[in-house]
1. Of all residues in the range 12-34, which are under 19 Å from His77 (Cα atoms), open to solvent by 50 Å² or more (accessible area, probe 1.4 Å) and not in a helix (DSSP H, G or I)?
2. Counting just the residues of the range 64-93 that are within 11 Å of the chain's Cα centre (by Cα) and aliphatic (A, V, I, L, M), which one comes out surrounded by the fewest Cβ atoms within 10 Å (Cβ to Cβ)?
3. Among Ser52, Ser69, which is the only one that is outside any loop (DSSP other than H, G, I, E, B), closer than 19 Å to Ile93 by Cα and either modelled with pLDDT of 90 or more or in contact with a strand residue (DSSP E or B) (Cβ under 9 Å, 6 or more places away or on another chain) (or both)?
4. What about Glu58, is it surrounded by 11 or more Cβ atoms within 10 Å (Cβ to Cβ), of a type outside the set (A, V, I, L, M, F, W, C) and part of a helix (DSSP H, G or I)?
5. Would you confirm whether any residue within the range 35-46 is part of a helix (DSSP H, G or I), of a type in the set (Phe, Trp, Tyr), surrounded by 17 or more Cβ atoms within 10 Å (Cβ to Cβ) and modelled with pLDDT under 90?
6. Are there any pairs with C-beta distances below 8 angstrom linking a residue in the range 1-23 that is at positive phi to a residue that is surrounded by 10 or more Cβ atoms within 10 Å (Cβ to Cβ), with the two at least 6 apart or on different chains, and if so which?
Amino acid sequence: MVGMEVFKDKVKFYEEGSSDPAKAYCGNPLLEKKTFAQLNYCKNNFNNVVSSFILLVELTVVNQWHVLSSGFAIVTHASARIFFILFHIVVVIIIIK
């Protein structure tokens, strides 16, 4: 829920057939030519509960978490990385271990 409140609508996902030029940078010009958009991680967002859950599961298995955290830090503030680091510490290191 915290992620949805902080990061909602900062990254947008466009369907495969979309011809919208914003698709190249996940709907946020700050992501233009950034690794997050180049790897097409637009679907990894906090815009709804399902997308949020999938993103957090990806973070749990440590799947490119540095790219994901960098993308959200770019569209919000550098301190956004704290959210991802705390999530990693609490879920991966404390709870799962």
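1. Within the range 12-34, Lys12, Glu32, Lys33, Lys34 qualify.
2. In this case the residue turns out to be Val67.
3. Working: Ser52 fails: closer than 19 Å to Ile93 by Cα.
Ser69 is the lone residue from the list that is outside any loop (DSSP other than H, G, I, E, B), closer than 19 Å to Ile93 by Cα and either modelled with pLDDT of 90 or more or in contact with a strand residue (DSSP E or B) (Cβ under 9 Å, 6 or more places away or on another chain) (or both).
4. Values: surrounded by 11 or more Cβ atoms within 10 Å (Cβ to Cβ): yes; of a type outside the set (A, V, I, L, M, F, W, C): yes; part of a helix (DSSP H, G or I): yes.
Criteria met by Glu58.
5. Taking the range 35-46 and keeping what is part of a helix (DSSP H, G or I), we get 35-38.
Okay, now just the ones that are also of a type in the set (Phe, Trp, Tyr), so 36.
Filter once more, keeping what is surrounded by 17 or more Cβ atoms within 10 Å (Cβ to Cβ): 36.
Filter again for modelled with pLDDT under 90, leaving none.
For the range 35-46, residues part of a helix (DSSP H, G or I), of a type in the set (Phe, Trp, Tyr), surrounded by 17 or more Cβ atoms within 10 Å (Cβ to Cβ) and modelled with pLDDT under 90: absent.
6. Listed pairs, sorted by first residue: Asp9/Asn47.
The values are calculated or read from the model by the stated rules, or taken from the named source; none is laboratory data. Small disclaimer: the values here were computed from a predicted structure and weren't measured. Positions of Cβ are generated from backbone atoms using ideal geometry, with glycine treated the same way; all protein chains shown enter the neighbour counts. When the accessible area is computed, the model is the full protein with side chains, heavy atoms only, and any ligands, DNA or RNA have been set aside. Shrake-Rupley method; radii C 1.70, N 1.55, O 1.52, S 1.80 Å.
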